[in-house]
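> Have a look at the structure that comes next, please.
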Amino acid sequence: MSQVPTDVGKNESDLKKMPIYERDFYQWTIEQAQALREQKLEAIDWINLTDEIESLGNEQLHAVESYLKQLIPHKFKLQYVNDQYSRKGWEDEIDNFLDEIEDRLTNSMRPKIDLDKIYQRARRNVLKRYPLLEKTLPQECPYTLDELVSR
């Protein structure tokens, strides 16, 4: 839940009253890391720190889901769209998406990935660009997660 700077329109005295987490998130992260390194438990902002750690994990999960959502349409285009000029670009994009997924995907994320939801969104996006594929594209996801992320 990283905070957006809130100092716009606030005077110096108002800013000093705000918790550092809200006033200067960057400085807060430095101080929290230092407190953890030095094991100064009393200096740790436990509530916000746990929220931020959880948020970091969620960001990684959402990044994987986003790359999967981009990967699926490119696989469809390679399979169903006859455009030799664009084919190399699609293949390059697939490689880039797979690189990003490889860097982030962990075993603990796998059960949390809703491949059916990702597939439906990806399918909808493909059909916006290629409406004639409506009857060609499978209604249900034809891939397992392992099939999608294998090269």
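Read the figures in this text as sums done on the coordinates, not as results from a lab. Note that the structure is a prediction, hence the values are computed from the model and not measured. Because the Cβ atoms are built from the backbone with ideal geometry, glycine has one as well, and the counts that use them run over all protein chains shown.
> Excluding the sites themselves, what is the longest stretch of the chain that contains no GluC sites (Glu not before Pro) in a DSSP loop with at most 13 other C-beta atoms within 10 Å?
39-133
> From the backbone phi of the range 113-124, what are the Karplus-calculated ³J(HN,Hα) couplings (6.51 cos²θ - 1.76 cosθ + 1.60, θ = phi - 60°) in whole Hz, Gly and Pro given as x?
7, 8, 5, 5, 5, 4, 4, 4, 5, 5, 4, 4
> Related question: Can you pull out the trypsin sites (Lys or Arg not before Pro) in the range 89-137 whose DSSP state is coil and whose Cβ has at most 10 other Cβ atoms within 10 Å?
Passing sites in the range 89-137 are K135.
> When the chain is modelled as a GNM with alpha-carbon springs shorter than 10 Å, which of I118, I72, I47 fluctuates the most?
I47
> Out of every Cα pair in the range 14-94, what percent are spaced more than 19 Å from each other?
60 percent
> Using Cα atoms only, what is the angle between the long axis of helix 25-37 and the major principal axis of the chain, expressed in degrees (0 to 90) to the nearest 10?
Around 80 degrees separate the two axes.
> Cβ under 14 Å from A63's Cβ, A63 left aside: what net charge do those residues give with Lys, Arg +1 and Asp, Glu -1?
The answer is -3.
> Spelling out what I want: for every residue of the range 38-50, take phi, set θ = phi - 60°, compute 6.51 cos²θ - 1.76 cosθ + 1.60 (Karplus), and round to whole Hz; glycine and proline get x.
8, 6, 8, 4, 5, 8, 8, 8, 4, 5, 5, 5, 5
> When all C-alpha to C-alpha distances in the chain are sorted into bins of 10 Å, what percent of pairs does each bin hold, rounded to whole numbers?
The distribution over the chain is 9, 28, 22, 17, 16, 7, 1, given as percents.
> Please order V149, V126 by the number of other Cβ within 10 Å, starting at the fewest.
Lowest to highest Cβ neighbour count: V149, V126.
> With a point put 7 Å past each Cα toward its Cβ, work out how far K88 is from T136 in nm, to one decimal.
With each label placed 7 Å out from Cα toward Cβ, I get 2.3 nm.
> Ok, one more. So what is the relative contact order of the chain, in percent, for Cα pairs below 8 Å that sit 6 or more residues apart?
20 percent
> Karplus couplings for the range 96-104 from phi (6.51 cos²θ - 1.76 cosθ + 1.60, θ = phi - 60°), rounded to Hz, Gly and Pro as x?
Ordered by residue, 3J(HN,Hα) equals 5, 4, 5, 4, 5, 5, 4, 5, 10 Hz.
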